[in-house]
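This report concerns only the one structure given below.
The values are calculated or read from the model by the stated rules, or taken from the named source; none is laboratory data. What you see is a predicted model; the values in this text were computed from it and never measured. Counting neighbours? That spans all protein chains shown, and the Cβs are built from the backbone with ideal geometry, glycine included.
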Amino acid sequence: MNSRRDFLQKLGLSALALQLAPLSGWAAGADNVEPHYDGPLLRVAILGLGGYGTMVAEAMQKCTKAKLVGVVSGTPSKVKAWQSKYGIPEKNCYNYENFDNIKNNPDIDAVYVITPNGLHHDFVIRTAAAGKHAICEKPMAVNAQEGQAMVDACKKANVKLLVGYRMHFEPKTLEVIRMRQSGEFGKIRFFQGQCGFTIGDPTQWRLNKKLAGGGSMMDIGIYAINGARYMTGEDPVWVTAQETKTDTVKFKEGVDETIQFQFGFPSGAVASCLSTYNMNNLDRFFLDGEKGFAEMQPSTGYGPIRGRTHLGELNQPITTHQTVQMDEMADIIFKNKQPVVPVNGEEAVKDLKLIDAIYLAVKTGKKVEVSL
Ligand code: NDP
């Protein structure tokens, strides 16, 4: 079963990677690491050693404030390989059955949950119960109710809950946000977010409603949802949405293939977005204001992110997103640093409320009012 899972993982990641990650670009980069850091080190165990977990582990090798020290996995062969590759001691290795014993391990500060979406909720609740900080991949949960329960559990356990919103630390993205905040685009009128790729193997978990929670919206559409909020600086007050399905065998009931959706914001600005598992070359943000614009393509892939504004090319440094994210998360956890755009559980619940509203709008055909 494990070898089948490995095989599926490879297929799943390769589809995503093809769309999102020219590897040369991902590997390149000046990651703003602090060479002489002597503050506390965030000691992290990765839970779920799949495609993205592997990428995070590699990127963490360059961190100065965070370190991979443990693993939680259902696949013993991967645990062995990671132990020898990253020097992980036996006492920091867990499986999904004995994972709760991590509460007795003083050498691990945080657990980074990188499993299929449908499993995030339970693993984060167990992480909180063990008294460890939780870092969780997007989408944080499969609906807002589950997401809120995770926020509540972490609050009760007095641990932080952070979500892998790596774009919130990406330099070109941050520059566009800075320009918008300082009024350089004038009043924002419109955002367009197009996110998608053609998904491969029909048997992978991303096309399984129970494990994925939905379809493209959960996996890639969430970038347009989250991007609409950080690019405009507003939270939507209404949602409309329309679904198109061309392949009902691959995209079963509850697994969306393509959804177009629109947001309305309190200022009167609007957004028009597309989420799909059936089109390539879609990784584009466009922000339009009275005085200028920003256009990013690729806008959310692993990099390099490219973009321009009405003033010219964006030329901020290319970073390894996950390296910067984990160093920043160390500061958020230990120093209570407030990032420009939050990466906490409450931020993720807002996106989940919008996903719930999009699915409701698709089902009813009606405009759905939202209050975040
Ligand atoms: P993979 O399928 O490659 O890996 C998931 C891992 O979860 C598996 O390798 C396995 O690890 C573990 N797992 C536990 N239970 C199951 C199960 N029932 N079925 C399958 N795997 C299981 O997925 P990805 O790494 O691509 O995605 C994982 C998460 O990361 C998702 O939530 C996804 O949305 C997110 N992601 C985020 C990205 C970003 O840029 N922020 C990019 C890509 C993914 P083990 O064998 O160790 O038990």
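For the structure I just gave you, tell me whether residue 262 is buried (at least 18 other Cβ atoms within 10 Å of the Cβ), in contact with a Ser or Thr (Cβ under 6 Å, 6 or more places away or on another chain) and either in contact (Cβ under 8 Å) with a residue 12 or more places away in the chain or part of a strand (DSSP E or B) (or both). Yes: the conditions hold for residue 262.
Could you pull out the residue among 351, 256 that is closer than 26 Å to residue 121 by Cα and assigned to a helix (DSSP H, G or I)? Only one candidate passes the filter, namely 351. Among the residues making up the stretch 349-372, those that are within 21 Å of residue 254 (Cα to Cα) and either acidic (Asp, Glu) or touching a strand residue (DSSP E or B) at 6+ places or on another chain (Cβ under 7 Å) (or both) are 351, 354, 356, 357, 358, 360, 361, 362, 367, 368. With the structure loaded, tell me whether residue 290 is touching a strand residue (DSSP E or B) at 6+ places or on another chain (Cβ under 9 Å), farther than 24 Å from residue 215 by Cβ, crowded, with 18+ Cβ neighbours inside 10 Å and not small (Gly, Ala, Ser) or whether it fails that test. The answer is no for residue 290.
Table: residues versus (1) more than 16 Å from the ligand (Cβ to nearest atom); (2) in contact with a strand residue (DSSP E or B) (Cβ under 6 Å, 6 or more places away or on another chain); (3) not β-branched (Val, Ile, Thr).
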site	(1), (2), (3)
43	yes, yes, yes
48	no, no, yes
61	yes, no, yes
71	no, yes, no
91	yes, no, yes
96	no, no, yes
99	no, yes, yes
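In the stretch 176-199, is there at least one residue being closer than 30 Å to residue 103 by Cα and either in the same structural domain as residue 267 (by the TED database) or away from the ligand (no atom under 16 Å from the Cβ) (or both)? Scanning the stretch 176-199 turns up no residue that is closer than 30 Å to residue 103 by Cα and either in the same structural domain as residue 267 (by the TED database) or away from the ligand (no atom under 16 Å from the Cβ) (or both). Counting the residues of the stretch 128-138 that are assigned to a loop (DSSP other than H, G, I, E, B) and more than 17 Å from residue 103 (Cβ to Cβ) gives 2. Under the condition of being part of a strand (DSSP E or B) and more than 16 Å from the ligand (Cβ to nearest atom), the residues counted in the stretch 310-347 number 2. Among the residues of the stretch 277-287, the ones that are aromatic (Phe, Trp, Tyr), under 15 Å from residue 173 (Cβ atoms) and either surrounded by fewer than 21 Cβ atoms within 10 Å (Cβ to Cβ) or in contact with a Leu (Cβ under 9 Å, 6 or more places away or on another chain) (or both) come to 1 in all. Taken together, the residues in the stretch 128-157 that are among the β-branched types (Val, Ile, Thr) and touching a His at 6+ places or on another chain (Cβ under 8 Å) amount to 1.
Here the strands (runs of 3 or more DSSP E) wholly within the stretch 42-127 that include at least 3 residues being hydrophobic (A, V, I, L, M, F, W, C), buried (at least 23 other Cβ atoms within 10 Å of the Cβ) and in contact (Cβ under 8 Å) with a residue 40 or more places away in the chain are 42-47, 110-113. Every test in (1) under 25 Å from residue 191 (Cα atoms); (2) crowded, with 18+ Cβ neighbours inside 10 Å; (3) more than 14 Å from the ligand (Cβ to nearest atom) is passed by residue 303 save one, and that test is (3).
The rows are residues; the columns are (1) modelled with pLDDT of 95 or more; (2) over 16 Å from residue 180 (Cβ atoms); (3) in contact with a Lys or Arg (Cβ under 6 Å, 6 or more places away or on another chain).
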residue	(1), (2), (3)
275	yes, yes, no
286	yes, no, no
291	yes, no, no
297	yes, yes, yes
300	yes, yes, no
315	yes, yes, no
321	yes, yes, yes
328	yes, yes, no
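Can you say whether residue 249 is surrounded by fewer than 24 Cβ atoms within 10 Å (Cβ to Cβ) and either modelled with pLDDT of 95 or more or out of contact with any Cys (no Cβ under 6 Å at 6 or more places or on another chain) (or both), as far as the supplied structure shows? Yes: the conditions hold for residue 249. May I ask you to list the residues in the stretch 139-176 that are part of a helix (DSSP H, G or I) and out of contact with any helix residue (DSSP H, G or I) (no Cβ under 6 Å at 6 or more places or on another chain)? Within the stretch 139-176, 145, 149, 152, 155, 156, 168, 171, 172, 174, 175, 176 qualify.
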